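A.B. asks: Would you mind keeping the following structure in view while I ask a few things?
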Amino acid sequence: MVHAYSKIFGALKPVFDGRSNLYTRDPLPIGNERVELDVTLPGEGKDRVFHVAIKWLAKVSLYALEEALEGMFITTADYL
């Protein structure tokens, strides 16, 4: 998908969570518009075609994750 749609992804390497979300380090150049793509994956004997819709939803802050990994984040469970 990244190679087939290089105008959208450029050098970004998106990560799919296995459900319905796609994450990238930097914003895609699509703004708030919904973009629909056809993605073909090779299968056994027959290729599988998926219709994928991408739309910007929110910016995720990784600050809390970074604090937790550094052992600096205090959860509410620590106060119980």
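A.B. asks: Which cross-chain or sequence-distant (5 or more) residues have an amide H under 5 Å from the amide H of residue 37, H modelled 1.01 Å from N in plane?
C.D. replies: When sequence neighbours closer than 5 places are left aside, the close amide H contacts are 52, 53, 54.
A.B. asks: Follow-up. So for the stretch 6-79, averaging the separation of alpha carbon pairs under 8 Å that are six or more residues apart and normalising by length, what relative contact order in percent results?
C.D. replies: Computed over the stretch 6-79, the figure is 19 percent.
A.B. asks: Calculate, for residue 60 and residue 34, the FRET efficiency according to 1/(1 + (r/R0)^6) with r their C-beta to C-beta distance and R0 25 Å; round to the nearest 0.05.
C.D. replies: Result of the calculation: an efficiency of 0.85.
A.B. asks: Continuing with the same structure: What ³J(HN,Hα) values, in whole Hz, does the Karplus curve 6.51 cos²θ - 1.76 cosθ + 1.60 give for the stretch 29-34 when θ = phi - 60°, with x put for Gly and Pro?
C.D. replies: x, 10, x, 9, 6, 7
A.B. asks: What is the order of 48, 19, fewest Cβ neighbours within 10 Å to most?
C.D. replies: In order of increasing Cβ crowding within 10 Å: 19, 48.
A.B. asks: How large is ³J(HN,Hα), in whole Hz, for each residue of the stretch 5-11 in order, when computed from phi with the Karplus curve 6.51 cos²θ - 1.76 cosθ + 1.60 and θ = phi - 60°, using x for Gly and Pro?
C.D. replies: Each residue of the stretch 5-11 in turn: 10, 5, 5, 8, 8, x, 8 Hz.
A.B. asks: Treating each Cα of the chain as an identical point scatterer and ignoring solvent, apply the Debye formula and state log10 I(q)/I(0) at q = 0.17, 0.24, 0.26 Å⁻¹.
C.D. replies: -0.81, -1.25, -1.38
A.B. asks: Further question: Give me the aspartates and glutamates in straight-line cross-link reach of residue 7: C-alpha distance below 16 Å, same-chain residues under 8 apart excluded.
C.D. replies: 26, 33, 36, 38
Rule-based calculations on the coordinates, nothing more; no lab input. Given the structure is predicted, the values throughout are model-derived calculations rather than measurements. When we count neighbours, we look across all protein chains shown, and the Cβ atoms used for this are built from the backbone with ideal geometry, even at glycine.
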